[in-house]
Amino acid sequence: MSLNRAAKENLVRALAVSVIEHADELTSLDQAIGDGDHGLNMKRGFEAVLATLPGLADKSLPEMLRTIGTTLVMKVGGASGPLVGTFFIELGKAVPEQPTRSDLVGATGKAIESVKARGRSEAGQKTLLDVLVPVQAIFAAGADAEAIAAEAAKAAVRTTPMLATRGRASFLGERSIGHMDPGSRSASLLIGAAVATLTIEAGL
Amino acid sequence: MSNSESGNVGIVIVSHSAKIAEGAADMVRQMVGNAVPLAWTGGDPEGGLGTNVAGILKAIEIAWSSAGVAILVDLGGAETNSEMAVEMLAEDRRGRVVICNAPVVEGAVIAATESSGGSSLSAVQRSAEEFYA
């Protein structure tokens, strides 16, 4: 997969816009089972990422991803900053400049392991890992772009009946059941945006 | 945030609320005066409730002591952001900062009291964490 400068810029914009446009929805999901700041926090982080364009897209792909991650870590201001930021930082460490599909499968797998370590969490606890893990599994198994995007959306919905055992929602115990996890929703938005852009720009 | 040249272990208080962090720091000062390097941080980068890595890094810098720094945190994001901040420190400092598994107010007061007697970083951490045991 080859991403030129314009493609990288489009990718960054698509990621940022996907979160920024859904900030109110993410906040309302978080008001139900968290502290109600997820939309605002993610919006702040991705607005800071957007502010680093166009220069950001001049960087190599690995460096660009690491910069996005560091910006999110510094600007988000909630637990999702280190979690989503770590994903991008570690993805940047693991991808080559011109990744093949198999490079991306390996790199996303490593980045997800780092998110697990950062959050001391596994899939099944009603967190963003409940989207990242199954989506990465079908990506590794050869799913096409459409199937990946569909799985991301479905995986976020599947967190609705789950009991939260990690993160702020875990304080609610059984009352966390019946609400979609906001971190899963934002992860699914980012994946949807990434897949759509990479399909257009690089024929994922 | 006045500081101490005592060489005692530094204490950093990280809360989602700047008011809680500052208030806990006031309680620490009342106990130990200026015998312990102390700093607090609270709030997201825009001043709302939350925690942020840049603020935590700055607080570690203010409370820095060659004996190390013990961080007290409130809820999950405070801990996650503190861990991230510790990893971003220079390598020679990273190993001299611990995050205590203790309640933020009680832990800060106990840790600071222990530190004011010249105890090591591990003793300071242990005394704060014993509150939970």
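The values are calculated or read from the model by the stated rules, or taken from the named source; none is laboratory data. Nothing here was measured: the structure is a model prediction, and the numbers come from that model. Cβ sites come from the backbone with ideal geometry, for glycine too, and all protein chains shown count toward neighbours.
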Problem - Scope the range A:48-69; condition surrounded by fewer than 18 Cβ atoms within 10 Å (Cβ to Cβ) and either touching a Gly at 6+ places or on another chain (Cβ under 8 Å) or part of a helix (DSSP H, G or I) (or both); matching residues - result: A:ALA48, A:LEU50, A:ALA51, A:GLY55, A:ASP58, A:PRO62, A:GLU63
Completion exercise
Reported set for the range A:139-163 where residues are touching a residue at least 24 places away in the same chain (Cβ under 8 Å) and over 19 Å from the mean Cα position of the chain (by Cα) is A:MET162, A:LEU163
Problem - Residue in the range B:42-65 that is nearest to the other protein chains (Cβ to nearest Cβ), counting only those that are of a type in the set (A, V, I, L, M) and in a loop (DSSP other than H, G, I, E, B) - result: B:LEU49
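Any chance you could count how many residues in the range A:105-118 are of a type in the set (Gly, Ala, Ser), closer than 18 Å to B:MET84 by Cα and surrounded by fewer than 22 Cβ atoms within 10 Å (Cβ to Cβ)? Spell out the reasoning first.
First, pick out the residues of the range A:105-118 that are of a type in the set (Gly, Ala, Ser): A:106-107, A:109, A:111, A:114, A:117.
Remaining after also requiring closer than 18 Å to B:MET84 by Cα: A:111, A:114, A:117.
Now narrow it down to the ones that are surrounded by fewer than 22 Cβ atoms within 10 Å (Cβ to Cβ): A:114, A:117.
Final tally of qualifying residues: 2.
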Exercise for the section: Among what's in the range B:87-107 and is within 12 Å of the chain's Cα centre (by Cα) and either within 14 Å of chain A (Cβ to nearest Cβ) or assigned to a strand (DSSP E or B) (or both), pick the residue that is surrounded by the most Cβ atoms within 10 Å (Cβ to Cβ). Expected result: B:CYS100
Exercise for the section: Starting from residues that are without any contact (Cβ under 8 Å) to a residue 40 or more places away in the chain and polar (S, T, N, Q), keep the ones in the range A:29-68 and report whichever is nearest to A:PRO82 (Cα to Cα). Expected result: A:THR67
Practice task
Find the helices (runs of 4 or more DSSP H) located wholly in the range A:94-204 whose residues include 3 or more that are within 14 Å of chain B (Cβ to nearest Cβ), and list them.
Solution key: A:101-119
Exercise for the section: Please work out which one of (1) out of contact with any Leu (no Cβ under 6 Å at 6 or more places or on another chain); (2) buried (at least 17 other Cβ atoms within 10 Å of the Cβ); (3) at pLDDT 95 or above is the condition B:ILE13 fails and give its number. Expected result: (1)
Exercise for the section: Being touching a His at 6+ places or on another chain (Cβ under 8 Å), more than 20 Å from A:PHE87 (Cβ to Cβ) and touching a residue at least 24 places away in the same chain (Cβ under 8 Å) narrows it down to one of B:GLY47, B:GLY107, B:GLY68, B:GLY42, so name that one. Expected result: B:GLY42
Fill in the blank from the handout: Picking from B:ASN52, B:ASN8, B:ASN3, B:ASN34, the residue that is without any contact (Cβ under 8 Å) to a residue 40 or more places away in the chain and closer than 21 Å to B:VAL124 by Cα would be B:ASN34
Exercise for the section: Kindly check whether there is at least one residue in the range A:30-39 that is surrounded by 18 or more Cβ atoms within 10 Å (Cβ to Cβ), farther than 18 Å from B:GLY77 by Cα and away from chain B (no Cβ under 13 Å). Expected result: no
Practice task
Can you confirm whether the range B:32-41 contains a residue that is surrounded by 24 or more Cβ atoms within 10 Å (Cβ to Cβ), within 14 Å of chain A (Cβ to nearest Cβ), within 11 Å of the chain's Cα centre (by Cα) and at pLDDT 95 or above?
Solution key: yes
